[in-house]
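The values are calculated or read from the model by the stated rules, or taken from the named source; none is laboratory data. None of these values were measured; they are calculated from a predicted model. Positions of Cβ are generated from backbone atoms using ideal geometry, with glycine treated the same way; all protein chains shown enter the neighbour counts.
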Amino acid sequence: MKKPLSERFSKGLKQWLAVLPFLAVGMTLFIVFVLYPQIKNIYIALTNYSIMPGSENTFVGISNFAKMFKDISTKGSDAYFFWIAFRNNILAVLVTVPGQLVLGLIVAVLIHNLKTGKNVYKVLLYIAVICDWVVFCNIIDYIFQPDEGSLVNYCLTTIGILKEPVAWLKNTWTGNFVIWICSIWKGYGWVMIIYTAGLLGIPSDQYEAATMDGANAVQKFFHVTLPGLRGTTLYLLINLINGAMNIFIQVFLLTKGDPLGTTDVVMDYIYRRAFNYFDFGYAAACGIVMGIVVFAISMGLKRFLRYGENL
Amino acid sequence: MKKKKIISQICIHVILVALTAICLLPFLSMISTSFMKVKGVLPNEPILFPNFPLYLENYVKAWTANHFQTYFFNTLYVSVVGLIVNLLISITMAYSFSRFQFPGKEPIFNLLLLTMMIPAQLAMISQYTVLNGLKLIDTYKGIWLLWGGTCVAGNTFFYRGFFEAVPKELEESMYLDGATRFQTLLHCIIPLSKPAIATQAVLAFNGYWSNLFDILTFTKSTNKRTLSVALQLFRGQYTTNYGLMFAASVIVIIPIIVLFVIFQKQFMQQGITDGSIKG
């Protein structure tokens, strides 16, 4: 039994008028600064956009997108650098996501099993998370200096792992390595906090039942703890993958993509293209491709893991 | 049996102390370096503890030179106003979605969630053109409005869960006494959601305080710089004066550490975690 259209319309209108004072400002700002920019990105990507007032933005079709694939194998082409950066993002996902998850989980389980002093460890390990990125990268930069007296070189040469000091930030793979270490270090404290909350949500009778069945600590971890953290892990996984696909500030501050763009990542590449070279159209096109990739990964992961739950 | 438990407790403590020490060692090194005269080439051994008496000159210099104080108060100003805008907008938005019925409510809410899946930084280019079109480049007003817009999706989602957990009976009795919507929000919902609001507010303040790219990209004049931007530029200029750079860095993170220590209970117990587990 639906009411007549006019009645429903006037009811809806009344409801909107009631909520509007609370909704209007936030919604307006959201539309102007989030929704509209995402749509405008598409327009910019299809033109050779210029921010100069009065300049004409000619429609160039998909040529900005085509540029991402043109001369891929030629060293020094735009496409070459884009895909190097993209490769580094994928490597960052493969290294930093498992790194943060495993480290965060181990520390969370250890802290969870403590009787006293839980909060002290949590607070101390969280300091890196809340630390200013610029300050944090300054510290990383400092301890990875090429001098033999820098913290990392000194420790590694003293133990005997290294024969001579390494210029960490000047080489492709050591530079990438420092970026990964930096990301894991700054991120795992957050993972730990989320996991400790997740651990509290596992009912203790499940552990008691496992003890009755004669399970040892390792068996309990794999058969009770891990399944109990499934939802938390899914949430973390999506967030961390998103984060690793968007790493930017540590690259911008530590290596600037050097040597020769081989430690660059897509966000840094886009930022430089846009704000150093004012190549807005091409940068926006790269951004859209990256956005679609990240979105697809998140959605795919959600589907895939939810699907598994019903089995 | 009891003895075994004590041993395992000690083992866990040992592992955690070692791990915490490794994680905090670089911070210790930074603080110690800030109390020393380190310029140019690094000494042959890493600095873990400062020499006594402490060399305080770095702090005096960092605080007084290079317009540091201007940047400090710029940062304070831009973050405090940013936080107020953030709170006003997020709370009213979340209130709309938790206590009102209106056509299109859930589709709009889902649209907010959808934008969270697309990396926010990717919109920077068009955000620049929007701010440029509104003549808001190089103004704090533009930064605040931008932050107001970008905080909507995440915070509406976060606070909505908390507001919906507040029992409706309380408000109903207030309405019987003739209270308006605004009054119930102010006197019932907000006080009862204080822990959640405090946690989110500290997080937002931290984000604004240490923001680098928005200020770097959307403002131009030197007198609008904030600490993060100044520190980043400073690093490029005086890359070899570690003592001075770290003295400035320590001043930059002290307010955040203090805030965090004050609110740590809320952080560690619910707050950040609650909203996320539900998601």
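Looking at B:Ile15, B:Ile31, B:Ile47 in this structure, which one is at pLDDT below 85, under 31 Å from the mean Cα position of the chain (by Cα), β-branched (Val, Ile, Thr) and surrounded by 11 or more Cβ atoms within 10 Å (Cβ to Cβ)? Only one candidate qualifies: B:Ile47.
Which residues, counting only those in region A:72-95, are closer than 18 Å to A:Val289 by Cα and among the charged types (D, E, K, R)? Across region A:72-95, the qualifying residues are A:Asp78, A:Arg87.
Look at B:Phe73 and say whether it is among the hydrophobic types (A, V, I, L, M, F, W, C), surrounded by fewer than 17 Cβ atoms within 10 Å (Cβ to Cβ) and in contact with a Lys or Arg (Cβ under 9 Å, 6 or more places away or on another chain). No, not satisfied.
Number of residues in region B:208-237 that are within 12 Å of chain A (Cβ to nearest Cβ) and surrounded by fewer than 16 Cβ atoms within 10 Å (Cβ to Cβ): the value is 3.
Condition (residue is in a helix (DSSP H, G or I), more than 10 Å from chain A (Cβ to nearest Cβ) and among the small types (Gly, Ala, Ser)) applied to region B:133-154: is it met by at least one residue? Yes, region B:133-154 has at least one match. The set of residues in region B:90-107 being within 8 Å of chain A (Cβ to nearest Cβ) and under 21 Å from A:Phe9 (Cα atoms) consists of B:Ser96, B:Phe100, B:Gln101, B:Phe102, B:Pro103. Listed by first and then second residue, the pairs linking a residue in region A:133-147 that is facing chain B (nearest Cβ under 7 Å) and touching a residue at least 60 places away in the same chain (Cβ under 8 Å) to a residue that is part of a helix (DSSP H, G or I) and hydrophobic (A, V, I, L, M, F, W, C), with Cβ atoms under 6 Å apart and 6 or more places separating them unless they lie on different chains, are A:Trp133/A:Ile249; A:Val134/B:Leu231.
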